1. So if the hydrodynamic radius of segment B:1-120 is defined as the Kirkwood radius over C-alpha pairs, what does Stokes-Einstein give as its diffusion coefficient at 37 °C and 0.692 mPa s, in µm² per second?
2. If one computes the Cα centroid of segment A:58-91 and of segment B:36-61, what distance in Å separates the two points?
3. Ignore the peptide's own chain and count Cβ atoms of other chains within 10 Å of each Cβ in B:126-137; give me the average, rounded.
4. How would you order B:148-160, A:134-146 from highest to lowest mean count of nearby Cβ atoms within 10 Å?
5. Once you order the gyration tensor axes a ≥ b ≥ c over the Cα atoms, which shape class does segment A:199-293 get: rounded for a/c under 1.5, otherwise prolate or oblate by comparing a/b with b/c?
6. Using a Förster distance of 35 Å, how high is the FRET efficiency between A:L178 and B:Q206, based on the Cβ-Cβ distance and rounded to 0.05?
7. Based on the Cβ-Cβ distance of B:L298 and B:D129, what FRET efficiency does E = 1/(1 + (r/R0)^6) give at R0 = 41 Å, to the nearest 0.05?
8. Name the aspartates and glutamates eligible as straight-distance cross-link partners of B:K179: C-alpha to C-alpha under 19 Å, and not fewer than 8 places from it in the same chain.
Amino acid sequence: MSGATAIVNAGNVPETPLRRAWRRLKARKAAMFGLVVIIALVLIAIFAPLIAPHDPIKQSWTAVRKAPSALYWFGTDEVGRDLFSRIIYGARASLAAGVISVGIAVALGVPLGLLAGYGPRWVDAILSRVTDAMLASPFLILAIALAAFLGPSLTNAMIAIGITATPIFIRLTRGQVLAVKVEDYVESARAVGNPRWRIAVKHILPNVMPQLLVQITLTIATAVIAEASLSFLGLGQQPPSPSWGSMLNSAQRFLTNAPWMAIWPGLAIFITVLSFNLLGDGLRDAFDPRERG
Amino acid sequence: MLLLIARRLMQLIPTVIIVSMMIFGLQQLLPGDPATIMAGEERDPEVIEQIRKQYRLDQPIPVQYVYWIKGVVTGDLGESMRLKEPVSTLVAQKLPVTLQLATMAMIIAIFIGVPAGIVSAVKKGTVWDYVVNVISLWGISTPNFWLGILLIFLFSVHLGWLPASGYVSPFEDPWQSLKTTIMPAFVLGNSIAGVLMRHTRAAMLQALSSDYVRTARAKGLNENRVILAHAMRNALTPVITLGALEFGTLLSGAVLTEQIFTIPGFGKLIVDAVFNRDYAVVQGVVLVTSATYILLNLLADLGYILVNPRLRP
């Protein structure tokens, strides 16, 4: 586009839905706070080796359970490891668990949801019953049972959380597909002879995206807590690798003489989960057509 | 109404069957030979063979499922490998403890969540609304087990007011029972309170902007009466049904809370079973929680229809 046309159009070009959502999101301070914290956490996780002042798994018997000081900002744990460095590295396990498990849930749930909503009726009947059955088991209990049978490790915890979260995405996608498949543009796409899969991917999926994005953000918050819970129980990240959940587990035994061990990992989980919740809420409002502005 | 209940029950049958298949299928995830795993330290081939026969592991999987589901229907959930007791007995012993905890948590959640949600809606846009929003976000974002540890630090280690762990039945000593369960119940109730606050706020906002509230105001009714008698009565219906569903979430939350406060309930049973590779107990607990959850869902549905005449057939 030439410069002149851009200037002419600048005032009256209709805003794309994505731009409008971003403008609305920017106006929400809480959501922006969440987004900034999430970006910071991702950077911390990526550059952990550059940020952490100490080796997160190196034990030091001369520095056992030291209170926070200039040398050890967050203090040390029961085997003399620097808590600040462990919190920094712990961000890797938490974020990876949040993102990968939700990635598994989306990769399984969205295609199945599309299939249920836009495929043959018998497929929908089967998938809906399986979704009901999976949603009938409380989230954490199902994740614990899966992790227990798969064996304790961070990878298995992520798989367990991912599978447990899958029905949420099947149901969401299916519901959205049912809502949009009767719209005129889908009908006309079908009338001109597009194959079903093409309609599903090209026309229906983009309309499901806003709700999906909101759900992904909120489910990452749930997954981060779930990973911390599994690690707390000993079913997630295995020692000596740092994870906020397992750090809280060992902190519990030293509450009387080293309470700082319990403060930081919990605060880290809280801030991470809060940020994803704030961003998710903000996205929901930003995409809501009933909201003005 | 009876017809409706019957129809809803019929709809549940496939769900229940698939749930049972999933739970049975869990043991197929075990890497290696289940009989060898069940034998634990015992490496004697005869013992392993005996286990294989006893648990019908030598039969095809569908046959094993049929035997298993037959047992489940008659109340036989298998036997705990470690405790040498029927799983159903263990469940019957531990479930009341968790139910006590969950009920207390629900009461706490309702007492905090519902009034806070109402205040937040009535005072929308004010400092009160903001404070309630912050509290509800805190409730939703705080990991249960962290809050539990912080409370133990404050009330048990620092102030010495409450015991850090243990459980006393209310039938033995009600006061002591309250002292041992109040912290875990608060921890459990905290997150549900956050959810209830949000739902109450949303439902109240909707009710307050409805025509019947405008009519009530136009009639010149006192504002308190409009809020309490007109708006709240209608707003609370969905909140109550939602509360029933959240009860299932409490069963999940209890796993961690019981672990922290060493309460011998359902949650502790499944965690101990996981670490002792007592798979029959893990399956039993998941089965019973799922069944409870499905039942609560059904009751919530029927309750909703009962209080909402427009939904009746």
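All of the numbers you see were taken from the coordinates with simple rules; none came from a lab. Just so we're clear, the structure is a prediction, and the values are computed from it rather than from any experiment. Quick reminder, even Gly has a Cβ in these numbers, built from the backbone with ideal geometry, and neighbours come from all protein chains shown.
1. After rounding, the answer is 179 µm²/s.
2. 46
3. On the way: counts 0, 0, 0, 0, 0, 0, 0, 2, 1, 0, 0, 6.
Partner Cβ neighbours, averaged per residue: 1.
4. Numbers: B:148-160: 17.2, A:134-146: 25.2.
Packing order, densest peptide first, comes out as A:134-146, B:148-160.
5. On the way: a/c = 5.61, a/b = 2.28, b/c = 2.46.
In terms of gyration-tensor shape, oblate.
6. On the way: r = 24 Å, r/R0 = 0.69.
Result of the calculation: an efficiency of 0.90.
7. Details: r = 35 Å, r/R0 = 0.86.
It comes to 0.70.
8. Within the straight-line limit of under 19 Å, B:K179 reaches these aspartates and glutamates: B:E258.
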